[in-house]
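Q: Before I ask anything, here is the structure I am working with.
The values are calculated or read from the model by the stated rules, or taken from the named source; none is laboratory data. Keep in mind the model is a prediction, meaning the values are calculated, not measured. All Cβ positions, glycine included, derive from the backbone under ideal geometry; neighbour counts span all protein chains shown. Accessible surface is based on the protein model in full, side chains and every heavy atom, while ligands, DNA and RNA are left aside. Shrake-Rupley method; radii C 1.70, N 1.55, O 1.52, S 1.80 Å.
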Amino acid sequence: MKKYVCEVCGYVYDPAQGDEENGIAPGTSFEDLPDSWVCPMCGVGKSEFEPQE
């Protein structure tokens with residue numbers, strides 16, 4: 001599973017870690033995040049994320 005980087009603040013979403021503070025279990029791919037999920041650092045939506053190279 002790919003990691004995704006927030007283009008605004010640089011936060012990296014790592015599927016292996018998830019985002020447990022916001023109810024996202026480890027092992028959740030970026031594509032499976034709900035559309036309502038936002039960057040936990042700066043609050044932008046999924047559209048502001050790009051796959052990490």
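Q: HN-Hα J couplings of the range 26-36 from phi, Karplus 6.51/-1.76/1.60, θ = phi - 60°, integer Hz, Gly and Pro as x?
A: The phi angles translate into x, x, 8, 5, 4, 4, 8, 5, x, 4, 7 Hz.
Q: Let me ask something else. Length gain on complete extension for the stretch Ser47 to Ala16, per 0.36 nm per residue less the alpha carbon to alpha carbon distance?
A: On the way: separation 31, 0.36 × 31 = 11.16 nm, distance 2.04 nm.
Net length gain for the segment: 9.1 nm.
Q: How would you order 27-33, 12-18 from highest to lowest mean count of nearby Cβ atoms within 10 Å?
A: Highest-to-lowest ranking by the protection proxy: 12-18, 27-33.
Q: Hey, another quick one. May I ask you to compute the full-extension gain from Lys2 to Asp35, defined as 0.36 nm times their residue separation minus their alpha-carbon distance, rounded to one decimal in nm?
A: That pair, Lys2 and Asp35, stretches by 10.1 nm at full extension.
Q: Another one. Counting only protein heavy atoms, what percent of the accessible surface of the chain is carbon or sulfur at a 1.4 Å probe?
A: 44 percent
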